[in-house]
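In what follows, a structure is listed as structure tokens, so that the remarks can point back to it.
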Amino acid sequence: LEPFEEVAQSLAVQADVARERARMSRYQPLQAPQRTQRGQIQGNEAHEDSDEDVMRALTPCEVLEKRCPKGCANMAWRCCCKYGIPLVMSIGAFYLALSRNYNCSPGALENLEPGYHGELFPDHVILKERRSAWGFQFTTLVDVYDASDQRHVGYFYDMNFLFWFRFGFSDASDHIWFEAKVPWFLGAQNLSDWYWRAFVYGSQHLHLQRCDDGLSGRHAAIYNIDENTHLRPWWCKTHCMKILDVAPHSENQDFTVTPLAEVNFNYTLEWYYGGFETRQAWNMLVTDPKSDTLIAKAHQSFALQNSAYPGLGQTYLARWHVDMLSDNHLPNWVVVFLAVLDDVDESEDQQEAGDDDE
């Protein structure tokens, strides 16, 4: 009987080993089928197609349908949100930038008379920043009102999309009267000057021109607006007190044009929410650099706008009061533009700060 007992024990051990292997195989992933040079399938599932092969043969939507009946609908919705909406927004911004690019022309204003005796603005104006409560809009918008009767004169806009940069004024009937553009090479005369303007200081340099320039009987001119960085520290990038020089444009780069006006920006702190939060309110003084005569002044304040989304708090909206104090120096439309320029610069600083936080 001893030989039979040894055989029985050996069979029992083999059975235990087989059961253990079967149990362990449940927790081991299937090996991907491989094809030999003769085209034969090798692997754990050589005799039939594995689940991995079936999934590879299906389209992404079929895979989602196999795993989840609503997979395709969910994927289409995600693709629409991720790619479709930004694409539509980009097309809209492109169309707006392209239309703005060709709407500033003398032909579009030939039969129109500029308001306020050619000045486009009265001597006292109120500027009100307009921002969507939903938190989305293509451009910075600032409405212009006559301070004497609160009449809506028009609005300023800025457009910075790809290689289009437009910053100008449109009247209440959507006629564009003047625009500012960044000059080529930032108006620098050499590479070193361009480097300091673009990367060290990040200073402002613009060409401001009326759209009706060239029409008979119109006293329109081109002005250069250049930030004077001699008094500003190089490390100050945002929220800096600054000085702008306004001079008539000259095609002769070797000829130094004397500025018609010097524009000084500085700020004071205003308190909100019962003194728990402060805000920088800017002041603008426009003076004659030769006689120090005060040409115009402006002061910024803020209004609070509720968000359309519950619980997101309030948004600060800039308000400017601009007063012309002296004639025969700068046109009113140039002075008002200088005040709005600060609002656009402030919006860009806030956007850059938000990107840095992210």
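The values are calculated or read from the model by the stated rules, or taken from the named source; none is laboratory data. Here the structure is a predicted model, which is why all the values come from computation and not from measurement. Note that each Cβ is placed from the backbone with ideal geometry, even for glycine, and that neighbours are counted across all protein chains shown. For accessibility, only protein heavy atoms count, side chains too; no ligands or nucleic acids. Shrake-Rupley method; radii C 1.70, N 1.55, O 1.52, S 1.80 Å.
I'd like to check something: does the range 327-335 contain any residue that is hydrophobic (A, V, I, L, M, F, W, C), crowded, with 19+ Cβ neighbours inside 10 Å and modelled with pLDDT under 90? Yes - at least one qualifying residue is present in the range 327-335.
Quick check on this structure: which one of 112, 64 is surrounded by 12 or more Cβ atoms within 10 Å (Cβ to Cβ) and either at pLDDT below 80 or assigned to a helix (DSSP H, G or I) (or both)? It is 64. When 250, 291 are checked against the criterion of being farther than 16 Å from residue 340 by Cα, polar (S, T, N, Q) and open to solvent by 50 Å² or more (accessible area, probe 1.4 Å), 291 stands alone in meeting it.
Take the residues in the range 198-240 that are hydroxyl-bearing (Ser, Thr, Tyr) and farther than 22 Å from residue 106 by Cβ, then tell me which one is modelled with the highest pLDDT. Applying the filter and picking the extreme gives 229. Residue count for the range 196-212, restricted to those that are open to solvent by 50 Å² or more (accessible area, probe 1.4 Å) and more than 23 Å from the chain's Cα centre (by Cα): 2. Beta carbons closer than 6 Å, at least 6 apart along the sequence or on distinct chains, never pair a first residue in the range 231-252 that is farther than 26 Å from residue 184 by Cβ with a second that is of a type in the set (A, V, I, L, M). In this structure, residue 314 does not satisfy being farther than 15 Å from residue 260 by Cα and surrounded by 14 or more Cβ atoms within 10 Å (Cβ to Cβ).
Results for (1) open to solvent by 40 Å² or more (accessible area, probe 1.4 Å); (2) farther than 22 Å from residue 265 by Cβ; (3) not aliphatic (A, V, I, L, M), shown as yes or no for each residue.
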residue	(1), (2), (3)
126	no, no, no
134	yes, yes, yes
139	no, yes, yes
179	no, no, yes
182	yes, no, no
186	no, no, no
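Only residues that are at pLDDT 90 or above and open to solvent by less than 70 Å² (accessible area, probe 1.4 Å) were counted in the range 269-288, giving 7.
Residue check: residue 298 meets all listed conditions (1) in contact (Cβ under 8 Å) with a residue 40 or more places away in the chain; (2) open to solvent by less than 50 Å² (accessible area, probe 1.4 Å); (3) under 30 Å from residue 189 (Cα atoms) but one, namely (3).
Of the numbered criteria (1) assigned to a loop (DSSP other than H, G, I, E, B); (2) surrounded by 13 or more Cβ atoms within 10 Å (Cβ to Cβ); (3) polar (S, T, N, Q), the one residue 305 fails is (1).
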